[in-house]
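Step one of this worksheet: look at the structure below.
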Amino acid sequence: MQFKKLFLLAFLLHKRPFLSLFQFHFGLKMCDQTFLVNVFGSCDKCFKQRALRPVFKKSQQLSYCSTCAEIMATDGLHENQTLASLKSEAESLKGKLEEERAKLHDVELHQVAERVEALGQFVMKTRRTLKGHGNKVLCMDWCKDKRRIVSSSQDGKVIVWDSFTTNKEHAVTMPCTWVMACAYAPSGCAIACGGLDNKCSVYPLTFDKNENMAAKKKSVAMHTNYLSACSFTNSDMQILTASGDGTCALWDVESGQLLQSFHGHGADVLCLDLAPSETGNTFVSGGCDKKAMVWDMRSGQCVQAFETHESDINSVRYYPSGDAFASGSDDATCRLYDLRADREVAVYSKDSIIFGASSVDFSLSGRLLFAGYNDYTINVWDVLKGSRVSILFGHENRVSTLRVSPDGTAFCSGSWDHTLRVWA
């Protein structure tokens, strides 16, 4: 009887993955604790009914029990080698790499910025408030026309807004709640979204507001856990996704074919951002393993990795030139990484800030970094000097998402208070 109860519990958790690690990241995060759940089923190697873990072998995902996973990990070791000795060797090499990096570290960013003139008085206000979601706003994105916004919410709805008039132009009800990702296509003719359904769905947009958008839905991507982020590449034909299954993937929108998968994160991937180049073939991702990783989209390989945060990375965003990126984390800091120097060059934090940063984005010039926090505020940082130049108040719950408009004249924030605000 006890075994049957355990099997039933494992089955329910397998069918409802949001009862596991998802609770920690997206809203049921009431304490500093992660709920880890093993899927129960047949091992792909020994075929016994056991708790399983995902294993990647030559880019193929398999489900192994812990015993078979350990046996696979030791395959190919020499006679005197052990996993412990290899880990020790890897840590030693990592230390040597850090030493070589330190030799090239001759000056701090704020020292170089001393000659730069300080910013003047900084005033931004809420210009529009978008109301219509019935629950927490989780994600938003701007259309390239600099006017329309798409947002997704825990209420299971995706809404397209006119940010000038605050009118709702389209609304889609998803088959599940917790729509954690949404994105506008470069052409402005389609939106993508997904969440707890583990899928990324694309909806074409038309001028007919009475048309049933759900009938034209196209399921493009399928992950083995929740979809945490999505972004179109430089065309409507390809889309990047990130997932709680620890992977990112590139998909063909028309056929739904997987073009490339990216394996390397040791836990849930929470965010991604595409390099801001017309021929950009790289993107950056961040996750619960505290790592920010830069990927080559053509080869599927990680080309750079940074691990200086002390907690989950909730947001990553490229600097406008593409030579650096910023990250926001649950450790209450935002950090700037220079890709050419291959190192962290700035930390944006204050002792008074004790809540995590949920979303970050740069101004069009790159001089300002906007960061939304779980204490309901938006902090504005001087990227060069590392100082805070403003605090924006208005939201009545944690700020979950933030994006600067394509023309840089405004930015929009979404919050757990069910609203979006346009600031300028």
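The values are calculated or read from the model by the stated rules, or taken from the named source; none is laboratory data. All figures in this text were calculated on a predicted structure; none of them were measured in a lab. Here the Cβ is made from the backbone with ideal geometry for all residues, glycine too, and neighbour counts use every protein chain on show. When the accessible area is computed, the model is the full protein with side chains, heavy atoms only, and any ligands, DNA or RNA have been set aside. Shrake-Rupley method; radii C 1.70, N 1.55, O 1.52, S 1.80 Å.
Before moving on, here are some points about what is shown:
- Surrounding net charge for residue 145, when Lys and Arg each add one and Asp and Glu each subtract one, Cβ distance under 11 Å: +2
- Protection proxy ranking of 105-111, 194-200, 397-403, 379-385, by the mean of other Cβ atoms within 10 Å over each peptide's residues and highest first, is 194-200, 397-403, 379-385, 105-111.
- Amide H to amide H distances under 5 Å link residue 228 with 242, 243, 244, where only residues 5 or more positions off or on other chains count and H is placed in the peptide plane.
- Over region 222-348 - Rg/Rh using Cα atoms and the Kirkwood inverse-distance radius: 0.95
- Mean separation of Cα contacts under 8 Å, 6 or more apart, over the residue count of the chain: relative contact order %: 11
- Computed on the Cα atoms alone, the convex hull of region 111-206 gives a volume of 164 cubic angstrom per residue.
- With the helix formula -39500 (n - 2.57) applied to DSSP H stretches of n ≥ 4, the chain reaches a computed 222 nm mean residue ellipticity of -3500 deg cm²/dmol.
- Projecting the Cα atoms of 242, 198, 326 onto the charge dipole of the chain, computed from C-beta unit charges around the Cα centre, puts 198 farthest toward the positive end.
- Accessible surface for the chain, divided over its residues, is 49 Å² per residue with a 1.4 Å probe.
- Taking all protein chains together and rolling a 1.4 Å probe, residue 237 ends up with roughly 90 Å² accessible.
- Taken about its Cα centre, the chain carries a charge dipole of roughly 1340 debye when the Cβ of each Lys and Arg holds +1 and the Cβ of each Asp and Glu holds -1.
- Counted by Cβ distance under 9 Å from residue 226, the other residues give a net charge of -3, where Lys and Arg count +1 and Asp and Glu count -1.
- Label positions at residue 46 and residue 341, each projected 7 Å from the Cα along the C-beta direction, are separated by 5.0 nm.
- Prolate/oblate/rounded call for region 326-424, Cα gyration tensor, a/c under 1.5 rounded: oblate
- Fluctuation leader among 102, 249, 192 - the chain, Gaussian network, Cα springs under 10 angstrom: 102
- Percentage, to the nearest whole number, of Cα pairs in the chain over 37 Å apart: 24
- Accessible surface of the chain, 1.4 Å probe, proportion on carbon and sulfur as whole %: 51
- Scanning the chain for long hydrophobic helices, with DSSP H runs required to stretch 15 angstrom or more by C-alpha along their axis and to average at least -0.5 on the Kyte-Doolittle scale, returns 2-15.
- Charge context of residue 115, other residues only, Cβ under 15 angstrom, K/R +1, D/E -1: -2
- Relative packing of peptides 113-123, 254-264 - highest average C-beta neighbours within 10 Å first: 254-264, 113-123
- Residues with amide H under 5 Å from that of residue 181, placed H, sequence gap 5 or more: 194
- 5 angstrom amide H check on residue 359, placed H, neighbours 5+ away: 372
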